[in-house]
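*Asks:* Dropping the structure in here first, questions after.
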Amino acid sequence: MTMKTQWIVRPVHIKMALRATLLRCLAVAPILMAPGFAASLVIDTFDDGPFSLSHDRSASLLHTQSGGMLGDLRRVWISTDRRQTIVTADLVTGTSVLSFDTGDGPALGSGLGQGSIQIRWNSSPALNLLGSDAFLLSVSNLQGTGRVHVGVNESGGFGSSSSWVPLTAAGDLLIPFEQVDIQGTLGNVVSMQLIIVGASPDFAVAIDTFQIVPEPSIATMAGFGVFLLATRRRRNGSHSP
C-alpha cells in the first residue's frame with residue numbers, strides 16, 4: 001500500500017516564507033548598492049570618425065576630433081618610437097573599431113617600444129569617478145604583444161607614464177585603479193589618457209570600447225559569500241530531522 005504525503009500550507013507558513021525572503025533581500029541590497037556595483041561609464045565606442053594616420057617619425061603625429069566622447073575632444077598621437085618603420089592608425093565610420101599597426105620595420109632592442117599610440121580625452125563637465133574601481137579596454141584583435149598605460153588627471157596635464165599592464169591576448173582587459181596613474185583626485189577628473197605600446201615588432205591592435213566599470217571589491221565579494229553560506233546553512237538546518 002502506497003502512502004501519499006499531504007502538505008498543508010497554513011497562513012503561518014506563508015508568513016514565515018515571506019519574512020525569510022524579505023530578510024534575504026535586505027541582506028543583499030547593501031551589496032548591490034555598494035560602489036563595486038555602480039553603473040559603468042563609456043568613454044569611447046569609436047563611432048566618431050573617420051580618420052587615417054600614417055607616420056614614419058618618432059615625433060608624435062597628432063589628430064584631434066570632437067564628437068560624443070565624454071562631450072568634448074579625442075586626441076590621437078602615433079609614434080614610431082625611433083624604429084625605422086611606418087606606423088598607422090585608422091578609424092572607419094560605422095565599424096566602431098580603432099586600429100593601430102606598428103609596421104614591418106626592424107625591431108629595436110629588448111624592452112624598448114616598437115611603436116605607440118596615445119589617445120587622450122577631455123571631459124566637460126568634470127567626472128566623479130569615486131564610485132568606480134577599474135577601466136575596461138575591449139580588444140577585438142591583437143597581433144604580437146604590447147603594454148597598456150592609463151592615466152587620469154584633474155588639471156589636464158600628464159607626467160611620466162609609470163604604470164603599465166601587459167597586453168597579450170584579445171578580449172577584455174581589466175585595469176584596476178591601483179594600476180592607473182592618478183594625478184589629483186578622482187572626484188574631479190577633466191582628462192584621461194590611454195597609451196598602447198608595441199612590445200614586439202609585428203604588433204597590431206584593434207580596440208572597440210574603452211570604459212570605466214565597477215570591479216567588486218574583495219570585501220564586497222566576501223560579504224556576499226558569507227551571506228550565501230549563511231543561507232545554505234539555514235536551509236540545510238531546516239531539512240535536518
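Every number in this text was worked out from the coordinates using simple rules, so none of it is lab data. This structure is a prediction, so every number in the text was calculated from the model and none was measured. Every residue, glycine among them, receives a Cβ derived from its backbone with ideal geometry; neighbour counts consider all protein chains shown.
*Asks:* Amide H neighbours of S58 under 5 Å, at least 5 residues apart or on other chains, H built in the peptide plane: list them.
*Replies:* Placed amide hydrogens put T80, R82 under 5 Å from S58.
*Asks:* Taking the range 41-87 as the region of interest, what is the percent of Cα-Cα pairs per 5 angstrom bin, listed from the shortest bin to the one with the maximum distance?
*Replies:* 5, 21, 24, 17, 14, 12, 5, 1
*Asks:* Eigenvalues of the Cα gyration tensor times 5, then square-rooted: what semi-axes does that give for the range 119-192, in whole angstrom, largest first? Walk me through the numbers on the way to the answer.
*Replies:* Numbers: eigenvalues 110, 32, 25 Å².
Square roots of five times the eigenvalues give 23, 13, 11 Å.
*Asks:* Rounded to two decimal places and with Rh computed the Kirkwood way over Cα pairs, what is Rg over Rh for the range 82-162? Mind dumping the intermediate values first?
*Replies:* Numbers: Rg = 15.7 Å, Rh = 15.8 Å.
My calculation puts Rg/Rh at 1.00.
*Asks:* Arranged from highest to lowest average of other beta-carbon atoms within 10 Å per residue, in what order do the peptides 136-143, 198-205 appear? Could the numbers behind the result be given before it?
*Replies:* Values: 136-143: 17.2, 198-205: 20.1.
Those peptides, ordered most packed to least, come out 198-205, 136-143.
*Asks:* Quickly rank 88-94, 166-172 as a protection proxy: mean count of other C-beta atoms within 10 Å, highest first.
*Replies:* 88-94, 166-172
*Asks:* Within 10 Å of each residue's Cβ, count the other Cβ atoms and sort T85, T185 from fewest upward.
*Replies:* Result, fewest neighbours first: T185, T85.
*Asks:* What ranking of D72, D181 emerges when the number of other C-beta atoms within 10 Å of each C-beta is taken as an exposure proxy, fewest first?
*Replies:* Details: D72 15, D181 19.
With the sparsest Cβ surroundings first, the list reads D72, D181.
*Asks:* If you rank R82, R120, R74 by fewest surrounding Cβ atoms within 10 Å, what's the result?
*Replies:* Exposure proxy ranking, most exposed first: R82, R120, R74.
*Asks:* Oh, and also: Which of rounded, prolate, oblate describes the range 40-142, given a ≥ b ≥ c as roots of the alpha-carbon gyration tensor eigenvalues and a/c under 1.5 marking rounded, otherwise prolate only if a/b is larger than b/c?
*Replies:* prolate
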